[in-house]
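The structure under discussion appears below in the form of structure tokens.
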Amino acid sequence: MDCCGHAAHNAATCEAPSSPQCFRTNSAVSVYTCEWSTDTTESNQNNQVYFRYGNLTRTVLPAGTSKERISGRIWSRQWFREEELFVWQRVHIWVIARAGNFSCTSPTTSVILNQSVKYEAPKNISVSWMGNDLNLSWRAEAEQQALAEVSFQMEGDAAEPWENKSTTTNNTDNTYQVIVVNLQKDSSYRVQVRHQSIKAPNPLWSGWSSVTVPAELEHPLEVNMRKKCRDGTQTVTLTWQPVPPAAAVGGVTYSIEDTQRCHGCPCYTKNCFINTTNTKYTTFVTYSAANISVIAWNAAGKSPPAVVHVRAKPAADLKPCEKTLLGEKLGKQTCLEWYELEDGHPKPESVLTLLARTTKAENLKMKAEMKDHVRYLYIEHRCVNRRPQTVQMCLFYKTEGAPISAPEDFITFSETHTSAYLSWRAIPTGHQRGFLTHYVLCRANGSWQNETKECRNISASLLKYRLEHLTPGAKYNISLASVTRAGEGPAATVIINTVPQKHSNVLLSLGLLLSFSFLSVLCTFTFKRVKNRILPPVPTPVIPDSAKFQPEHQEILQGKEVVHKLTLCQLPPEGKSTEALEASEETTFLGGTDGVPVDTDDDKSDESGVYEENALRCTTDENMTDLEQVENEIAMLIYRNGLVFDVKTDSG
């Protein structure tokens, strides 16, 4: 017999179900659910639910049935309509399982049905990190708050014990929300959640719902870009490193947003989102600017976007547009863009786009939105083989105007007597209001009112200019203005005072020149004097021209020879020393005494004329003997007119 007095037949071959639970999923529904579980896998086992009110026992035909395997057990469910039950009074409920000729009876449950509420297990649980706190949210089962129980364990550590926390949910926008504090956001967790009503008299815990919580994607991805330009198309390849393993638990998806193109063609108004699990992405963009963002997603949220700025390809020497497709019918694969320029750079947020499918009214509206006197970058794109291609880039004005400001930093420098340099900075693009055709440079002596100014046009590409042929010591008023096709703008002015030519400078230069010449002569003279003292010059014999002494000229050249000084030196005889000779020498004069000259040869005296003679002794010994004592030759040197004669005579 079972606890209710029912007989259990052949229990050894029939497994009794668990005690049934009967409830409604919330207080607003009119359908009640009864559920129980068994370990059997018998597919032919039938279950019957019995209700007893006092002494009345009855069965009710269920509105539906289901079986589900949960955690190794088979859960059976049957649904009953409220009008077929006595929900306001206590009822005893049990289940009889029948398999062939065998039957098994479950334990009995006693309950008042309209007081018993069991929520469904939490569904669609969302998780997110708020610092080290984990936020869990799921669909609310009622407008009131609920009691929730959270069980969690750190992923990857099976030995780590499960922790349980119970808390009251917050109910916001029909969503239950629970925050589990003091976890580690860089780790992953296994989490189970269940909830129950706090308003029902007999609340039952719902079933458990499991969810895996990955680590937080705290930082943006480090994206590397490589691009290649060819035939009007930029091939952009993006690569990045995978997220950390703890953040990849449960899977990671990378979302790529291309703000320029979608499905391979340019000028689409909608952004293009592409999801991938790879860490490499290749796309094709035009020569205009594009922003590509890469975001990593996991179950706990998303990373901050990593935005890659693909700059517009700078076109060398951009020129004014000669012709555009504005106002013309566009092909299906053609689109036009006008980027407003600011300081020479396009503003992506200020772009006007014209498509082939754009209506005429939209074209007129776009043209009306285009600003006057504002420079635009005009870009013409086409789709070729589903790849975007830029076919033209140029500068564009809807209408031009005269400049509204003067050239900046207009200065003069390097002023000389007759020239000066001018330099300036071009006015900003926004102040030009058109394409500069040239500059007008004017100069005037003195004031502008009293003198006629002289003007000339110079190239718009110049930022420096040299003024020549100026008057020394003069004052000039210089002006410079920018010119467009619409007119001339304000002028910048500067005053030039050329350097005067002073005479004192000429005299100073002349004095320095003379001083230098004098010092050069003085140094040369001093050098020669010092050289003569250190290295005296060797006398050079004077050899008269022999032609002058030919016979036909002897009468003219005959003259008297005068001997101014005669020195006779006696050489010592062979075999005698100088000391013996000095002891026997004495001073003598040739045939005379007391220094009176004596003629020794009358014939020679007649031929050579009168001469003065001074005989000096080679030694100072007054006791020297006669000349006959000298046994060797007498060397006699006669100096006459720079000539040297060596005369040798016999001692006898």
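Computed extension gain for His309 through Gln21, at 0.36 nm per residue and net of the alpha carbon distance, reaches 97.6 nm. Placing R0 at 25 angstrom, the Cβ-Cβ distance between Arg456 and Ser414 gives a FRET efficiency of 0.80 after rounding to 0.05.
Start at zero, step by 5 Å, and the Cα-Cα distances of segment 63-149 spread as 3, 8, 12, 17, 18, 16, 10, 6, 5, 3, 1, 0, 0 percent across the bins.
Each listed q (0.09, 0.16 Å⁻¹) maps to a log10 I(q)/I(0) for segment 9-127, found by the Debye formula over equal Cα scatterers with no solvent: -0.26, -0.78.
With q set to 0.16, 0.19, 0.22, 0.25 Å⁻¹, the log10 of I(q)/I(0) for segment 268-356, from the Debye formula over equal scatterers at the Cα positions, is -0.87, -1.10, -1.31, -1.50. A straight chain from Cys442 to Phe527 at 0.36 nm per residue would run longer than the Cα-Cα distance by 24.5 nm.
Converting the Cα gyration tensor eigenvalues of segment 332-397 into ellipsoid dimensions via √(5λ) gives semi-axes, longest first, of 21, 17, 8 Å.
For segment 431-500, the fraction of alpha-carbon pairs lying more than 16 Å apart is 51 percent, rounded to a whole number.
For the residues Leu519, Leu436, a 1.4 Å probe over the protein chains yields an accessible-area ranking, largest first, of Leu519, Leu436. The packing ranking, built from the mean of other Cβ atoms within 10 Å per residue, places the peptides 94-102, 286-294, 212-220 in the order 286-294, 212-220, 94-102, highest first.
Label separation (Thr276 vs Asp317): 3.9 nm, computed from points 7 Å beyond Cα along the C-beta direction. For segment 299-422, the Kirkwood radius over C-alpha pairs fed into Stokes-Einstein at 4 °C and 1.567 mPa s yields D = 72 µm² per second. Remark on segment 366-489: ratio of C-alpha radius of gyration to 2.2 N^0.38 Å is 1.47. The base-10 log of I(q)/I(0) for segment 161-213, evaluated at q = 0.29 Å⁻¹, reads -1.41 [Debye formula, identical scatterers on Cα atoms, solvent excluded].
Binning all Cα-Cα separations of segment 391-450 at 10 Å, short to long from zero, yields these whole-percent fractions: 16, 35, 29, 14, 5, 1. Take the Cβ atoms of Asn224 and Asn46, set R0 to 56 Å, and the FRET efficiency comes out at 0.30.
Sequence gap of 8 or more, or different chains, plus Cα separation below 30 Å: how many lysine pairs satisfy both in segment 272-330?
On the way: Lys280/Lys302; Lys280/Lys313; Lys313/Lys323; Lys313/Lys329; Lys319/Lys329.
Final tally of qualifying lysine pairs is 5.
Once the convex hull of the C-alpha atoms of segment 133-234 is built, how many Å³ does it hold per residue, rounded to a whole number? Before the final figure, lay out each step's value.
Numbers: hull volume 17.5 nm³, N = 102.
In segment 133-234, the Cα hull volume divided by residue count equals 172 Å³.
The values are calculated or read from the model by the stated rules, or taken from the named source; none is laboratory data. Keep in mind that this is a model prediction, so the values were computed, not measured. Glycine also receives a Cβ, built like all others from the backbone with ideal geometry; neighbour counts cover every protein chain displayed. Surface areas here come from the heavy atoms of the whole protein model, side chains and all, with no ligands, DNA or RNA. Shrake-Rupley method; radii C 1.70, N 1.55, O 1.52, S 1.80 Å.
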